[in-house]
Amino acid sequence: MPDGQAFYLTTPIYYVNGKPHIGHAYTTVAADTIARFMRLDGRQVFFLTGTDEHGQKVEKSAEAAGLSPIECCDQISRNFRSLTEALDISNDDFIRTTEPRHIAACQALWTELVKRGEIYLDAYRGWYAVRDEAFYADSEVSEPDENGKRFGPHGVPVEWVEEPSYFFRLSAWGDRLLELYEQHPDFVGPESRRNEVASFVRSGLKDLSVSRTSFSWGVKVPGDPKHIMYVWLDALTNYLTAVGYPDVESARFQTFWPPSLHVMGKDIVRFHAVYWPAFLMAAGIPLPKAVFAHGWWTSDAQKISKSIGNVIDPIELINTYGLDQTRYFLLREVSFGQDGDFSHLAMTNRINADLANNFGNLAQRVLSQVAKNLEGRAPGIVSPTAEDETLLAAARALLPAVRYAMERWELHQYLAQIWDVLGAGNRYIDTQAPWTLRKTDPTRMETVLAVLIEVLRIAGILVQPVMPRAASALLDQLAIPADARSFAAIDAEGPITAGTVLPPPQGLFPRIDKA
Ligand code: MSP
């Protein structure tokens, strides 16, 4: 990967209508892992997250809480910011759509779209779902139930709306969108989502209502302040705001636009892969390189919902299991892009098997022998055997292998590859049994431990994006200086110099007792 090449990465901005839960934590942790990976791999990263604060849904939940909309936004936005800190997220900016810089960006984009003839005034008559902040066609809406209520996809209540509205000429962009998906197959991932999005576009796009007059919490339409901009047009624009739009000459815009990757859940891929590129093409702004949708978490096989009462609080997970353990579980348990099921049992098993018994145990076995038998001095590799070379080769092949996984956003594969090598390290220590060599062949014992230290060094560097704290604790125990922890240092630095004094070892991952 070319050194210093810019990488602009975003999470969705979160609605401020409730407490952050595991789904939000998941999106953010996944994106953070990608951001950290890219930085360690020499890219210049701009990583953005934030909160989506306008629209009817937020207005209604503020009302329900007896707060003014901005009070409600301030409070809940703060919760999301604290979650970002609690998850050790390395974001470079945290945007709120109520900030003046964002309102200015939305109005500038709107003005540009009007100037290009892409927006016109008409009237909207149709279904609207506040919960999704989405319009639905007749064909997507159910027949009335016994109370006369109708529902959109996934049982979301819809209401009939009739009001003056500005429209965006979405219908004109269908062919260009299909061309985009065809010419840039990586634009939408995973493939199942690309097919879904393409078939939605192929079924015919209608012009999109992009303003509402029946509520007031949002960005005013320039020149017609009775109209509030459709919250998705407002929300998506955050990705432009954060890099300085409308100042397209600014250094940040020049360096980072267009985004390299928008990460989000599968529920909102339509907005990112259909509406968003259409808005951008219509405004003459270059398109993001990729949009990737992850799956949804259920809890003990049930949909997560406030009414069922099975919402999982990520802060509780961190307090119970530890931050790195939580991050690891989320990314390793399911294939990135697929749905996954959360249970405390799965989490306990995963942490005990992969972290305590595999990674942590290997580090502990190696480092405690170095402390005990070698007075804490790193050994060197002398006359390596075929077994030594095989394990070292597997560890050295990890960097290209994890890069390959990352190019496909396969975060689970990223970890699986590293854990294969750690597993091989554990088998190797069992067969080489360095503890029995202490008396019989101390030089051989040193080589075995040195090979394993090299495996731990490489694994420690590579797990930094997922488990920043545990990785840093391990690299400290290996006395690796801060400037020798980048991916380039894996080959450039090579094995730790023999004789380096290692600090006393400390356990990395405690075992969790089953409840
Ligand atoms: N505000 C919009 C996004 C605007 S981006 C320009 C929004 N916000 S949200 O708070 O409802 O959702 C944010 C993210 O959380 C989405 O990516 C969504 O997929 C994710 N999740 C919410 N619940 C989830 C699960 N149960 N499982 C996994 N992710 C889920 O949509």
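Read-outs throughout are calculated quantities, based only on the coordinates presented, and are distinct from any laboratory measurement. On a predicted model such as this, the values are computed, not experimentally measured, just so you know. Cβ coordinates were reconstructed from backbone atoms using ideal geometry, including for glycine residues, and neighbour counts include every protein chain displayed.
Compute the long axis of helix 100-115 from its Cα atoms, compare it with the longest principal axis of the Cα atoms of the chain, and write down the angle in degrees, 0 to 90, nearest 10.
60
Using the C-alpha gyration tensor of the range 174-230, what are the square roots of 5 times its eigenvalues, in whole angstrom, with the largest one first?
In descending order, the three semi-axes are 33, 12, 11 Å.
Normalise the Cα radius of gyration of the range 216-361 by 2.2 N^0.38 Å (N = residues in it) and let me know the number.
My calculation over the Cα atoms of the range 216-361 gives 1.39.
For the chain, build the convex hull from the C-alpha positions and give me its volume per residue in Å³.
Value for the chain: 156 Å³ per residue.
Could you tell me how far the Cα centroid of the range 18-41 sits from the Cα centroid of the range 455-502, in Å?
23
Go from 0 up to the bin containing the longest alpha carbon distance in the range 1-58, width 10 Å each, and give me the % of pairs per bin.
Pairs per bin, as whole percents: 23, 40, 25, 11, 2.
Report P(r) for the range 1-103: all Cα-Cα distances, bin width 10 Å, range 0 to the bin holding the largest distance, values in whole percent.
The calculated distribution, bin by bin, is 15, 42, 29, 11, 3, 0.
Report the Stokes-Einstein translational diffusion coefficient (µm² s⁻¹, integer) for the range 263-348, Rh taken as the Kirkwood radius over Cα pairs, at 37 °C with viscosity 0.692 mPa s.
Rounded to a whole number, D works out at 219 µm²/s.
Taking the DSSP beta bridges in the chain as the whole, what percent of them are antiparallel, to the nearest 5?
Among the beta bridges of the chain, antiparallel pairing accounts for roughly 50 percent.
Where in the chain is the longest stretch that carries no trypsin sites (Lys or Arg not before Pro) classed as loop by DSSP and with at most 13 other Cβ atoms within 10 Å?
307-513
Tell me the angle of helix 386-396 to the major Cα principal axis of the chain, expressed in degrees between 0 and 90 and rounded to the nearest ten.
30
Translational D (Stokes-Einstein, µm²/s) of the range 46-129 at 4 °C and 1.567 mPa s when Rh comes from the Kirkwood sum over C-alpha pairs?
My calculation gives 84 µm²/s for D.
If Rh is defined by the Kirkwood formula over all Cα pairs and Rg also comes from Cα, what ratio Rg/Rh do you get for the range 74-115?
Using only Cα positions, Rg/Rh for the range 74-115 is 1.17.
Given 10 Å bins starting at zero, what is the percent of C-alpha pairs of the range 89-168 in each, up to the one with the largest pair distance?
Calculated P(r), rounded to whole percents: 15, 28, 30, 21, 6, 0.
Show that you can apply the helix-only estimate: for the chain, add -39,500 (n - 2.57) for every DSSP H stretch of four or more residues, divide by all residues, and state [θ] at 222 nm to the nearest 500.
That comes out to -14000 deg cm²/dmol.
Give the longest segment of the chain that steers clear of GluC sites (Glu not before Pro) in DSSP loops with at most 12 neighbouring Cβ atoms within 10 Å, not counting the sites themselves.
Segment 1-145 is the longest.
Report the per residue volume, in Å³, of the convex hull enclosing the C-alpha atoms of the range 386-452.
66
What number, in nm² with one decimal, is the all-direction average of the projected area of the convex hull of the alpha-carbon atoms of the range 125-171?
Over every viewing direction, the Cα hull of the range 125-171 projects on average to 3.8 nm².
Return one number: the angle in degrees, 0 to 90 and rounded to the nearest 10, between the long axis of the Cα atoms of helix 69-86 and the longest principal axis of the Cα atoms of the chain.
Result, in degrees: 20.
More than 23 angstrom separation, counting every C-alpha pair in the range 359-515; what % is that?
Percentage above 23 Å: 34.
FRET efficiency for TRP435 and ALA482, Cβ-Cβ distance as r, R0 = 35 Å, nearest 0.05?
Efficiency computed from Cβ-Cβ geometry: 0.60.
Quick one: what Rg and Dmax do you get for the range 301-439 from the alpha carbons, in Å?
For the range 301-439, the Cα radius of gyration and maximum Cα-Cα distance read 18.9, 65 Å.
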